[in-house]
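This report concerns only the one structure given below.
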Amino acid sequence: MRILFVASELFPYVKTGGLGDVMAALPRALRALGADVRMLVPAYPAIRQAVPVGKEVAAFPDLLGGGPARILLAEAPGLPLYLLDQPAFFDRPGGPYDYPPDLARRFAALSWAAAHLGRAGDANGWRPEVLHGHDWPTGLMPAYVAYGGGPRPATVMTIHNIAFQGRFPAAMLDELWIPRHGFTPEGVEFHGDICFLKAGLRLADRITTVSPTYAQEIQHAGGHGLEGLLAHRKDSLRGILNGVDQDIWNPRTDPHLVSRYDLKHPARRVPNRPVFQRQMGLQEDPSAPLFATVSRLDPLKGLDLVLDNVDHLVSGGAQLAVLGTGDPHAEGAFRQAAQRHPGRVGVFLRYDEGMAHRAFAAADVFMAPSRQEPCGLTQLYALAYGALPLVRRTGGLADTVIGVSPETLANDSATGFQFDTANGWALGEAINQALGLFQDSAAWREVQRRGMTTEFGWKGPAQAYLDLYAAIPAK
């Protein structure tokens, strides 16, 4: 089966969150199962500089008012790439979502180029049977397929985070090359705006999201205004849990660690702890339970609940390490917490891949108290690295972590800690549970062992996607 993935991010070249990680792993997992998967991404400078670029396979004199554009064939390790080379839109420093004035046209161009490849193929004769778009930047792709002529490939849209929808003024209809008849509730219109994500969810043949629980939540209170549409399309919606790229997130082979380890050699995990503590400005205290979080500082991530519990953690003898960037108010509050508790609270307010890996290898408890979490990858990394996840029971966090209880300890199924209500008191109770179990080293090691043996690779999810593609009726 010929499949074209389309996305705005691809690790390790361009990444702002979990989307980039998934795009690096899922296409390769599908190729390992025999699918002919390729990927279309913008020709960001970071990608152009890193991968071999070959021949031009399509060209456009002026794409979406951004001037000349062409599609280049390139090759990332294990994955053929198409690069949308349009300097006016993509040859710029900064992140993929910078430069807001032309954000709509930039990603409309990506969607239009994907639809073109789906209908006409490339200059070498390769044409995908399935176009698979990811998140709002690709949401117009099913619209361009639906409103254009020629052969029509199957279309799939995956929601990685429904909070980001890509809404723009209706006055942009013509400059986005959307026909007037498409501006209806059955098309791209959403409360008087053009909504990229809504267009994709309405017009794609199939919709997926990144966990079964999140698929249910977004049909109800968690749909950010799109609940009705998703409930209407529930028969076309499926939640498929994300996996972990075990070539990158593996403590046995991780180059970012000072000491690599696995279940057969648990003692080798220990040297990672004092190194991380020094890097975080924490006391090298081998007996203190080390709680850590690696996250965007965003209200949906629930880090304010952690702030509510800083003094409680420290009074319980624990240390706290916070890695991430985001809301300036949250950054300032965590800095103040570190000043209030020197050596017990450490903050690292920028993104660093190596520090993130070392956090999972050093921490005893990894906290993800999200208000909403489509899938979450960090709790999966924590399980693999032997840090017990402490999560709020929502989305993929509910699907991947089994909370400690007398029953789950007795049947050896517990892998971490869970709480329900999004408030500081409920998180504090879960922290108390973690601190209590930490005193029982034998029970702690059993929960840790169970987490490290839980399989969250990409083979199963990749097969689920192949089954979904195959079930789409031929046109």
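The values are calculated or read from the model by the stated rules, or taken from the named source; none is laboratory data. Everything numeric here is computed off the predicted structure, so don't read it as measured data. Heads up, the Cβs are rebuilt from the backbone with ideal geometry, glycines too, and the neighbour counts pull from every protein chain shown.
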Item to check | Count of residues meeting criterion [acidic (Asp, Glu) and at pLDDT below 95] in the range 18-74 | outcome: 1
Item to check | Members of the range 419-446 found to be β-branched (Val, Ile, Thr) and in contact with a Phe, Trp or Tyr (Cβ under 9 Å, 6 or more places away or on another chain), listed by number | outcome: ILE431
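Looking at PHE196, is it touching an Asp or Glu at 6+ places or on another chain (Cβ under 6 Å) and at pLDDT 95 or above?
No; evaluated as a whole, the condition is false for this residue.
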Checklist entry - Can you spot a residue in the range 184-202 that is crowded, with 22+ Cβ neighbours inside 10 Å and small (Gly, Ala, Ser)? => result yes
Next on the checklist: Name the residue that is surrounded by the most Cβ atoms within 10 Å (Cβ to Cβ), counting only residues in the range 406-425 that are touching a strand residue (DSSP E or B) at 6+ places or on another chain (Cβ under 9 Å), free of Cβ contacts under 8 Å to residues at least 60 places away in the same chain and of a type outside the set (Asp, Glu).
Outcome noted: GLY416
Next on the checklist: Return the residues of the range 441-470 that are of a type outside the set (Phe, Trp, Tyr), under 23 Å from LYS264 (Cα atoms) and in a helix (DSSP H, G or I); say none if nothing qualifies.
Outcome noted: SER441, ALA442, ALA443, ARG445, GLU446, VAL447, GLN448, ARG449, ARG450, GLY451, MET452, THR453
Next on the checklist: Please determine whether any residue of the range 155-172 is out of contact with any helix residue (DSSP H, G or I) (no Cβ under 9 Å at 6 or more places or on another chain) and either under 20 Å from ALA471 (Cβ atoms) or surrounded by fewer than 21 Cβ atoms within 10 Å (Cβ to Cβ) (or both).
Outcome noted: yes
Checklist entry - How do the pairs read when you match residues in the range 200-222 that are hydroxyl-bearing (Ser, Thr, Tyr) with residues anywhere that are assigned to a loop (DSSP other than H, G, I, E, B), using Cβ under 6 Å and keeping only pairs 6 or more apart or on different chains? => result THR208/ILE240; SER211/LEU241; SER211/CYS375; TYR214/PRO374
Next on the checklist: Checking GLN379 against (1) under 23 Å from ARG450 (Cα atoms); (2) in contact (Cβ under 8 Å) with a residue 40 or more places away in the chain; (3) of a type outside the set (Gly, Ala, Ser), only one condition comes out false. Which one?
Outcome noted: (2)
Checklist entry - Would a scan of the range 434-445 turn up a residue that is outside the structural domain of PRO151 (by TED's automatic domain parsing), exposed (fewer than 15 other Cβ atoms within 10 Å of the Cβ) and touching a helix residue (DSSP H, G or I) at 6+ places or on another chain (Cβ under 8 Å)? => result yes
Checklist entry - Looking at (1) farther than 25 Å from GLY17 by Cβ; (2) small (Gly, Ala, Ser); (3) surrounded by fewer than 23 Cβ atoms within 10 Å (Cβ to Cβ), which is the one condition that is false for ALA104? => result (1)
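Could you check how many residues of the range 11-52 are among the small types (Gly, Ala, Ser) and assigned to a helix (DSSP H, G or I)?
7
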Item to check | Scope the range 298-331; condition at pLDDT 95 or above and assigned to a strand (DSSP E or B); matching residues | outcome: GLN319, LEU320, ALA321, VAL322, LEU323
Checklist entry - Scanning for something surrounded by 17 or more Cβ atoms within 10 Å (Cβ to Cβ), within 30 Å of VAL347 (Cβ to Cβ), acidic (Asp, Glu) and at pLDDT 95 or above, does the range 212-221 turn up at least one residue? => result no
Next on the checklist: Can you find, within the range 287-316, the residue that is surrounded by the fewest Cβ atoms within 10 Å (Cβ to Cβ) among those that are of a type in the set (A, V, I, L, M, F, W, C) and farther than 13 Å from ARG344 by Cα?
Outcome noted: LEU300
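Taking helices (runs of 4 or more DSSP H) that fall entirely within the range 365-414, which contain at least 1 residues that are aromatic (Phe, Trp, Tyr), modelled with pLDDT of 95 or more and closer than 17 Å to ARG445 by Cα?
Result: 378-385.
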Next on the checklist: Restricting to the range 1-41, and then to whatever is among the charged types (D, E, K, R) and under 11 Å from the mean Cα position of the chain (by Cα), can you tell me which residue is surrounded by the most Cβ atoms within 10 Å (Cβ to Cβ)?
Outcome noted: GLU9
